[in-house]
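J.: A single structure is presented below for examination.
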Amino acid sequence: MEERRENRNKKGNFIAFEGIDGSGKSTQIGLLAERLKKEGIRCYTTMEPTNGPIGSLIRQVMTGRIRMDNKAIAGLFAADRLDHLLNEVDGIAAKMEGGMTVLADRYYFSSYAYHSVDMPMEWVVKANEQSSLILRPTVNIFIDVDPDVALERIARNRFHQELFEKKSRLVKVRENYKKAFDLLAGEEKYAVIDGNQPVEAIADGVWEAVREYFGL
Ligand code: ADP
Ligand code: TYD
């Protein structure tokens, strides 16, 4: 009991959720946050692209409002991530200093998976080196879903499809996620959860993958 209490008081964890569009990340983040809060753990949920200035520029690129070279887009995501980490208003680093556990909808593995469709993965990893030096996730949770299932979910719930939500692209992105986790297995912690299941079954899988980090 004593040991359990001690574990709960240590510095917050940082859990990054990864997966193709429509994989169910935000649904699972909400459920995990509820579960952690019930255990008395203070949680902050956030996402990339952010709602900050660089994130809104990215959204204008994604909707086709602004056209930009793929390398420049990858650079914007890397910059948005550093701002996400370091900005003084609601930066992840500050939240963690304050003892919060942070749950992020996407982090650098999204860059590795999405941008290496158009350029070498090593380039993308290098472009994000600063973020990985500043903060590595306690664990990356990869919700692995069949692209057809993801697209069906998206079609049911959204009015429009964004630039990256095409099947051929999602197939490649899913493969790239697997490649990236293999490539970085020595330095990153990750868990793969079958995202084709019902919401509650996935939530249980996520819980089993993270609870040890909270001493629960
Ligand atoms: P993401 O954040 O990865 O894009 P969401 O959590 O927004 O995914 O889920 C995409 C859509 O699919 C939402 O409408 C959500 O309600 C639905 N959804 C999420 N998880 C499941 C699931 N396991 N089974 C069926 N539908 C789901
Ligand atoms: P969004 O609709 O905000 O999120 P989601 O599909 O996860 O609910 O779209 C984010 C898009 O940005 C998504 O298609 C993945 C892409 N992306 C990158 O290409 N590189 C990155 O580094 C990140 C964080 C996201």
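J.: Where in the range 66-149 are the helices (runs of 4 or more DSSP H), entirely inside, with at least 2 residues that are within 16 Å of ligand 2 (Cβ to nearest atom) and of a type in the set (S, T, N, Q)?
T.: 108-115, 129-134
J.: Against the definition (closer than 21 Å to Thr46 by Cα and touching a Pro at 6+ places or on another chain (Cβ under 7 Å)), how does Tyr107 come out, yes or no?
T.: Answer is yes for this residue.
J.: May I ask you to verify whether Lys172 is exposed (fewer than 14 other Cβ atoms within 10 Å of the Cβ), closer than 30 Å to Thr63 by Cβ and in contact (Cβ under 8 Å) with a residue 12 or more places away in the chain?
T.: no
J.: Scanning the range 6-45 for residues that are in a helix (DSSP H, G or I) and open to solvent by less than 40 Å² (accessible area, probe 1.4 Å), which turns out nearest to ligand 1 (Cβ to nearest atom)?
T.: Filtering first and then ranking leaves Lys25.
J.: So, of the residues in the range 127-150 that are among the aliphatic types (A, V, I, L, M), open to solvent by 40 Å² or more (accessible area, probe 1.4 Å) and over 22 Å from Gly12 (Cα atoms), which turns out to be nearest to ligand 1 (Cβ to nearest atom)?
T.: Val149
J.: Can you name the residue in the range 80-126 that is within 19 Å of Gln60 (Cβ to Cβ) and small (Gly, Ala, Ser) and is also surrounded by the most Cβ atoms within 10 Å (Cβ to Cβ) among such residues?
T.: Here the answer is Ser110.
J.: Sticking with this one: Being surrounded by 15 or more Cβ atoms within 10 Å (Cβ to Cβ) and within 15 Å of ligand 2 (Cβ to nearest atom) is the requirement here; does Glu48 meet it?
T.: Criteria met by Glu48.
J.: Separate question: Among the numbered criteria (1) in contact (Cβ under 8 Å) with a residue 24 or more places away in the chain; (2) of a type outside the set (Asp, Glu); (3) surrounded by fewer than 17 Cβ atoms within 10 Å (Cβ to Cβ), which one does Lys167 miss?
T.: Going through the list (1) in contact (Cβ under 8 Å) with a residue 24 or more places away in the chain; (2) of a type outside the set (Asp, Glu); (3) surrounded by fewer than 17 Cβ atoms within 10 Å (Cβ to Cβ), Lys167 breaks only (1).
J.: May I ask you to verify whether Ile73 is open to solvent by less than 30 Å² (accessible area, probe 1.4 Å) and more than 17 Å from Arg136 (Cα to Cα)?
T.: Judged against the criteria, Ile73 is a match.
J.: As an exercise: evaluate Ser56 against (1) open to solvent by less than 30 Å² (accessible area, probe 1.4 Å); (2) within 12 Å of ligand 2 (Cβ to nearest atom); (3) among the hydroxyl-bearing types (Ser, Thr, Tyr) and give the number of the one condition it does not meet.
T.: So Ser56 meets the others, but not (1).
The values are calculated or read from the model by the stated rules, or taken from the named source; none is laboratory data. Everything numeric here is computed off the predicted structure, so don't read it as measured data. When we count neighbours, we look across all protein chains shown, and the Cβ atoms used for this are built from the backbone with ideal geometry, even at glycine. Side chains included, ligands, DNA and RNA excluded: accessible areas come from the protein's heavy atoms. Shrake-Rupley method; radii C 1.70, N 1.55, O 1.52, S 1.80 Å.
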